[in-house]
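Engineer: Take this structure, written in structure tokens, and hold onto it; I'll ask about it next.
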Amino acid sequence: MADDDTDGRRPDEMSLDELREEIESIDRELVELIARRTYVADTVAEVKEQHDLPTTDEAQEAAVMERAGENAEQFGVDANLVKAIFRLLIELNKVEQRESR
């Protein structure tokens, strides 16, 4: 994995407090990415509504899950965990889409 610590030290060279600060920073980034993804998904929902398309697109969902698994493997992360997170994100987006129609 890439080293994102600003002073160039590896995680095994950091104190517990520094490691926790690094996790806090990563958590903020994750939330920002989820917010960005949600915004784009909301825009997709608007386009679907304008074109009278169904909320669910099983082929697209399958492609997202396939990419999630591939990305997990690329970064050495458990693919089942990553797919579970993406499944949750997809389901939450679909709920929002249904409620907005």
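The values are calculated or read from the model by the stated rules, or taken from the named source; none is laboratory data. Everything numeric here is computed off the predicted structure, so don't read it as measured data. Counting neighbours? That spans all protein chains shown, and the Cβs are built from the backbone with ideal geometry, glycine included. The accessibility values were calculated without ligands, DNA or RNA, using every heavy atom of the protein model including side chains. Shrake-Rupley method; radii C 1.70, N 1.55, O 1.52, S 1.80 Å.
Engineer: Simple spin-label model, 7 Å along Cα-to-Cβ: GLU66 to ARG28 in nm?
Structural biologist: Going by the 7 Å Cα→Cβ label model, 3.8 nm.
Engineer: How much length is gained if the chain between ALA41 and ARG20 is pulled fully straight, taking 0.36 nm per residue apart and subtracting their Cα-Cα distance, in nm to one decimal? Spell out each step's value before the answer.
Structural biologist: Details: separation 21, 0.36 × 21 = 7.56 nm, distance 3.11 nm.
This chain segment gains 4.5 nm when fully extended.
Engineer: Simple spin-label model, 7 Å along Cα-to-Cβ: ASP7 to VAL77 in nm?
Structural biologist: In this crude label model, ASP7 to VAL77 measures out at 2.7 nm.
Engineer: Taking only C-alpha pairs under 8 Å that are 6+ residues apart, what is the relative contact order of the chain in percent? Mind dumping the intermediate values first?
Structural biologist: Values: 37 pairs, mean separation 25.0, N = 101.
About 25 percent, as a whole number.
Engineer: Under a plain spin-label model, where a point goes 7 Å from the Cα along Cα-to-Cβ, how far apart in nm are HIS51 and GLU99?
Structural biologist: Distance between label points: 2.6 nm.
Engineer: I've got another one for you. Over the chain, with every protein chain in place, what whole percent of the accessible area is carbon and sulfur at 1.4 Å, could you tell me?
Structural biologist: Working: 4400 of 7950 Å².
The C+S portion of the solvent-accessible surface of the chain is 55 percent.
Engineer: State to the nearest 20 debye the size of the charge dipole of the chain about its Cα centre, where the only charges are +1 on K and R beta carbons and -1 on D and E beta carbons. Show your work: numbers first, answer last.
Structural biologist: Details: 13 positive and 28 negative charges, 121 e Å.
So the dipole magnitude of the chain works out to roughly 580 debye.
Engineer: Skip the ligands, DNA and RNA, and give the accessible area per residue of the chain with a 1.4 Å probe, whole Å². Before the final figure, lay out each step's value.
Structural biologist: On the way: 7950 Å² over 101 residues.
Per residue, the chain has an accessible area of 79 Å².
Engineer: Same structure again: By Kyte-Doolittle mean hydropathy of at least -1.0 and Cα axial length of at least 18 Å, which whole DSSP H helices of the chain are selected? Please list the in-between numbers first.
Structural biologist: Details: long enough: 16-50 (51 Å, -0.47); 58-74 (24 Å, -1.05); 79-100 (31 Å, 0.02).
Helices meeting the span and hydropathy rule in the chain are 16-50, 79-100.
Engineer: If I compute Kirkwood radius over Cα pairs in Å from the structure I just sent, which labelled value in (i) 14.4; (ii) 15.9; (iii) 13.8 lines up?
Structural biologist: Step by step, Kirkwood radius over Cα pairs in Å for this structure corresponds to label (ii).
Engineer: From the residues ASN71, HIS51, VAL40, which one has its Cα farthest along the dipole of segment 27-74 in the positive direction, the dipole being from +1 and -1 charges on Cβ of Lys/Arg and Asp/Glu about the Cα centre?
Structural biologist: Checked the options; the winner is VAL40.
Engineer: A follow-up question, please. Explain nothing, just the number: dipole magnitude of segment 24-66 about its Cα centre with +1 on each Lys and Arg Cβ and -1 on each Asp and Glu Cβ, in debye rounded to the nearest 20.
Structural biologist: Numbers: 4 positive and 12 negative charges, 23 e Å.
Here segment 24-66 has a charge dipole of around 100 debye.
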